[in-house]
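First the structure, in the form of structure tokens, and then the observations on it.
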Amino acid sequence: MTKAAKKQAVTRGAEKVPPMGRRERNKQEKFDRILAASRDLFAAKGFAETTTQEIAERADIGTGTLFLYAKTKEDLLIMVFKDEMIETSRAAFRKVSPATPLVDQLMQVFGAMVAYHNRDVPLARALIREITILSRPERREDVRTLMRIIYSGIGDLIAGARDREGLRSDIDPMLAGESLFGIYYLGLIGWLSGQTTKQAFLKRLRVKFILAIDGLRPTAPEAGGTRKRRPAKA
């Protein structure tokens, strides 16, 4: 039994689901080989220089078989990205200390994502171009799966910081998570497009998060009927 098949058997066994049949197992093994080949070639040659023929040869399948799993090279890029970013995101959220200020937690999580993209900036540029406006609707669910993990993870950080940092109780943590990700994503595009350096991007990102977190705090009434927002702490 291959490593992929063993992993599936363990996972399914934990869920009390019968093991995959031979046909399903063969399909999964081919798909794993395709993703591994794509990942290796993109890293070694770059996305633009890699061909689907090379990916098929590395995965030891025919080009026609490859297109049963992914219609385009861009599809493969998103598939590889989704799996790697899910792993990166989950690992980053697991490492966050619950007692750390929210802004530091956010910087730790998004810093891990920036570090992932920084491993291969040209590949990251190709990826961001593709997922910002998806050319194929078939890949939307891949992106949605990743974003649900990120939004819910940020939402959990916000919910955990409510009492500790005096955040509003009427704020939807998931919605706030989407907003904070939007701040990060706009800055990410600026960095990858060469409008700013990585250092400047991260420095400004922290300031923007501080401002956004301040907006999650309730306003306190003052004499004369005016209301004053609590100042954010850098």
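If I filter segment 164-180 for residues that are at positive phi and surrounded by fewer than 17 Cβ atoms within 10 Å (Cβ to Cβ), do I get at least one hit?
yes
Which residue is least open to solvent (accessible area, probe 1.4 Å), if the candidates are limited to segment 65-101 and must be out of contact with any Leu (no Cβ under 9 Å at 6 or more places or on another chain) and aliphatic (A, V, I, L, M)?
That would be 92.
For segment 1-48, which positions are part of a loop (DSSP other than H, G, I, E, B), open to solvent by 60 Å² or more (accessible area, probe 1.4 Å) and modelled with pLDDT of 85 or more?
48
Would you check if there is a residue in segment 64-72 being farther than 27 Å from residue 147 by Cβ and free of Cβ contacts under 8 Å to residues at least 24 places away in the same chain?
Yes, segment 64-72 has at least one match.
Can you say whether residue 163 is at pLDDT below 95, within 24 Å of residue 43 (Cα to Cα) and part of a helix (DSSP H, G or I), as far as the supplied structure shows?
No; evaluated as a whole, the condition is false for this residue.
Test residue 169 against the criterion of being within 12 Å of the chain's Cα centre (by Cα) and closer than 21 Å to residue 212 by Cβ, and give yes or no.
no
Name the single residue that is least open to solvent (accessible area, probe 1.4 Å) among those in segment 102-151 being assigned to a helix (DSSP H, G or I) and among the basic types (Lys, Arg).
139
If I filter segment 189-206 for residues that are in contact with a Gly (Cβ under 8 Å, 6 or more places away or on another chain), farther than 25 Å from residue 38 by Cβ, open to solvent by 40 Å² or more (accessible area, probe 1.4 Å) and not in a helix (DSSP H, G or I), do I get at least one hit?
Among the residues of segment 189-206, at least one is in contact with a Gly (Cβ under 8 Å, 6 or more places away or on another chain), farther than 25 Å from residue 38 by Cβ, open to solvent by 40 Å² or more (accessible area, probe 1.4 Å) and not in a helix (DSSP H, G or I), which makes the answer yes.
Residue check: is residue 97 assigned to a helix (DSSP H, G or I) and within 30 Å of residue 154 (Cβ to Cβ)?
Considered against the rule, which asks whether it is assigned to a helix (DSSP H, G or I) and within 30 Å of residue 154 (Cβ to Cβ), residue 97 comes out as no.
Here are some residues: 171, 154, 158, 213. Which one is modelled with pLDDT under 95 and of a type in the set (Val, Ile, Thr)?
Checking each option against the conditions leaves just 171.
Considering only segment 107-140, how many residues are free of Cβ contacts under 8 Å to residues at least 60 places away in the same chain and touching a Ser or Thr at 6+ places or on another chain (Cβ under 8 Å)?
Of the residues in segment 107-140, 4 are free of Cβ contacts under 8 Å to residues at least 60 places away in the same chain and touching a Ser or Thr at 6+ places or on another chain (Cβ under 8 Å).
The values are calculated or read from the model by the stated rules, or taken from the named source; none is laboratory data. Just so we're clear, the structure is a prediction, and the values are computed from it rather than from any experiment. Cβ: placed from backbone, ideal geometry, glycine included. Neighbour counts: every protein chain shown. Quick note on the areas: whole protein, heavy atoms, side chains included, nothing else; ligands and nucleic acids left out. Shrake-Rupley method; radii C 1.70, N 1.55, O 1.52, S 1.80 Å.
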